1. Using the 10 angstrom Cβ neighbour count as an exposure proxy, how do 51, 160 rank, fewest first?
2. Testing the spin-label approximation: label points 7 Å from Cα along Cα→Cβ at residue 76 and residue 132. State their distance in nm.
3. Does anyone have the angle between helix 59-75 and the longest principal axis of the chain? Alpha-carbon axes, 0 to 90°, nearest 10?
4. Against the empirical 2.2 N^0.38 Å scaling, what ratio does the C-alpha Rg of segment 32-100 come to?
5. Using Cα atoms only, what is the angle between the long axis of helix 164-174 and the major principal axis of the chain, expressed in degrees (0 to 90) to the nearest 10?
6. Does the chain classify as rounded, prolate or oblate by the C-alpha gyration tensor (a ≥ b ≥ c root eigenvalues; a/c under 1.5 gives rounded; else a/b over b/c gives prolate, otherwise oblate)?
7. Taking a ≥ b ≥ c as the square roots of the eigenvalues of the Cα gyration tensor of segment 70-158, is the shape rounded (a/c under 1.5), prolate (a/b larger than b/c) or oblate?
8. At a threshold of 8 angstrom on Cα-Cα distance, excluding pairs fewer than six apart, so keeping six or more, what relative contact order does the chain reach in percent?
């Protein structure tokens, strides 16, 4: 039997820029306001090894991204100084450098369609083109253009899992089983109980 949809979980990591800008409480509030339940939380400086495992890219990905970068550089008459694989690896190297620059806050949220709800709240990868109302659209102004110009990762405040499968893999990397809480929120009664028994006095 499949697990109930209300038990779906996702990983959220508030990146170093979110921590440095004192947005931790504001961003957590956005997730909690939907009815999602926090099941784990910790502040840490992630290791390079954890970040490489987290991004989990292979040579095919490096080549594909690198070829795209080379094509973009040709179109802009920019010098080609590395091969495609090196350019592709450089993307993850920049992300790892960013993620290990200072403390992050890692969390697990659960609830119906947790992965999709969090992705909707966070917004698109590039803050400049993220919708108003999303975290990235409302709280930062970074863009691919400036990050490429400065040869660094986009500072977009939050990582969230792309799929249920990715969430399960990422959660296992960031949290030990004993760090994940199992409990019931009072609000789950109104969110999930079928008959709403007991509401009337």
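Each reported figure results from applying straightforward, stated rules to the coordinates on display, with no laboratory input. Note that this is a predicted model, so its numbers are computed, not measured. Heads up, the Cβs are rebuilt from the backbone with ideal geometry, glycines too, and the neighbour counts pull from every protein chain shown.
1. 51, 160
2. Spacing of the two 7 Å Cα→Cβ label points: 2.8 nm.
3. For helix 59-75, the angle is close to 60 degrees.
4. Cα-based Rg divided by the globular estimate yields 1.53.
5. It is inclined by approximately 80 degrees.
6. The shape class here is prolate.
7. Prolate shape, in that a/c is at least 1.5 and a/b is the bigger ratio.
8. About 34 percent, as a whole number.
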